[in-house]
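Below is one structure; the comments refer to it alone.
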């Protein structure tokens, strides 16, 4: 039997470990005996090494990328791959965001190219907005009406699909695709407290409060480590120095997941910092520095793991101490939520694989 070809679009290969977890989760649901899998990435070598799949540069989204890929000899190979695809998946998470503006234009262009070639397109476990203008909503509305199926990972994004009149049978509220991964095998929680923060989302006052918090943990003889969830991002490494805690530099997704599994607590302001903690049933606290963080965990029924107040040492310490003290009940709730969230996405696959 001839294999069907599926092509994936996403922020893969950067590497951003959250996006690599999304792709890894998606790949678990495609039998390689039945599917010829290809992934578009600006860094195809990294994707091939991490996920053991064939990867190649994405289609040209503008004049400069067209000239670059023609010069490199990739343009026609990429085009042939797309034309032969039976299914195209835009695999989450916040691809169609307006931050940065350039990203919105590029992902919209990729979607336009796929629709131009009349491909069967699925948007899986995405999140949308907030938008900076009605024209952006209108543009996505026109594009999304032409896709085969859409699923989103939070309630506000699902509400957006309703407002742009996407039929009920073509949309569904699911979860993040990283949660399709299996939990890491049982391991001792010996790594202490894992901190994974995005510096650009923290004011100088917030950074000072977090530094004081880290110092309190160190005074209490707690092991504490800083994990950048996106490599090659010097701002995060700078933050580790400011907080006065050791920096970890994993080289693959397995190492990242093992760190989350071994930690007894995770403090993060990155969405996938919380999602990977949920996957490993590790107690965590997510600082809601971006709307997508609050949107996701509220939609998942995990509001008690959000910190929505102004950052200050004492409230943070109280919240973290309470979660760590009740770790058994917290871990049980996380395991139950993982199963229910995963089931949401499991139900989607028959819809677009048929």
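The values are calculated or read from the model by the stated rules, or taken from the named source; none is laboratory data. Quick caveat, the model's predicted, so the values are computed rather than measured. Here the Cβ is made from the backbone with ideal geometry for all residues, glycine too, and neighbour counts use every protein chain on show.
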When only residues in segment 306-352 that are without any contact (Cβ under 8 Å) to a residue 40 or more places away in the chain, touching a strand residue (DSSP E or B) at 6+ places or on another chain (Cβ under 9 Å) and surrounded by 15 or more Cβ atoms within 10 Å (Cβ to Cβ) count, which is farthest from residue 271 (Cα to Cα)? 319
Within segment 8-39, restricting attention to residues that are touching a residue at least 40 places away in the same chain (Cβ under 8 Å) and in a strand (DSSP E or B), which residue is farthest from residue 80 (Cα to Cα)? 16
Residue ID - farthest from residue 130 (Cα to Cα), chosen from residues in segment 295-305 that are crowded, with 19+ Cβ neighbours inside 10 Å and touching a strand residue (DSSP E or B) at 6+ places or on another chain (Cβ under 8 Å): 305
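Residue-by-condition table, conditions (1) within 29 Å of residue 295 (Cβ to Cβ); (2) surrounded by fewer than 18 Cβ atoms within 10 Å (Cβ to Cβ):
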position: 67; (1), (2): no, yes
position: 89; (1), (2): yes, no
position: 103; (1), (2): yes, yes
position: 106; (1), (2): yes, yes
position: 134; (1), (2): yes, yes
Give the residues of segment 164-181 that are in contact (Cβ under 8 Å) with a residue 24 or more places away in the chain and either surrounded by fewer than 16 Cβ atoms within 10 Å (Cβ to Cβ) or within 23 Å of residue 272 (Cβ to Cβ) (or both), sorted by residue number. 165, 172, 173, 174, 175, 176, 177, 178, 179, 180, 181
Evaluate segment 54-61: report whether one residue or more is modelled with pLDDT of 95 or more and out of contact with any strand residue (DSSP E or B) (no Cβ under 7 Å at 6 or more places or on another chain). no
Of everything in segment 136-155, what is more than 23 Å from the chain's Cα centre (by Cα) and surrounded by 19 or more Cβ atoms within 10 Å (Cβ to Cβ)? Give them in sequence order. none
Counting only residues in segment 55-66 that are within 17 Å of residue 38 (Cα to Cα) and part of a loop (DSSP other than H, G, I, E, B), the one farthest from the chain's Cα centre (by Cα) is identified as 60
Within segment 23-35, residues buried (at least 18 other Cβ atoms within 10 Å of the Cβ) and within 21 Å of residue 114 (Cα to Cα) come out as 23, 26, 27, 30
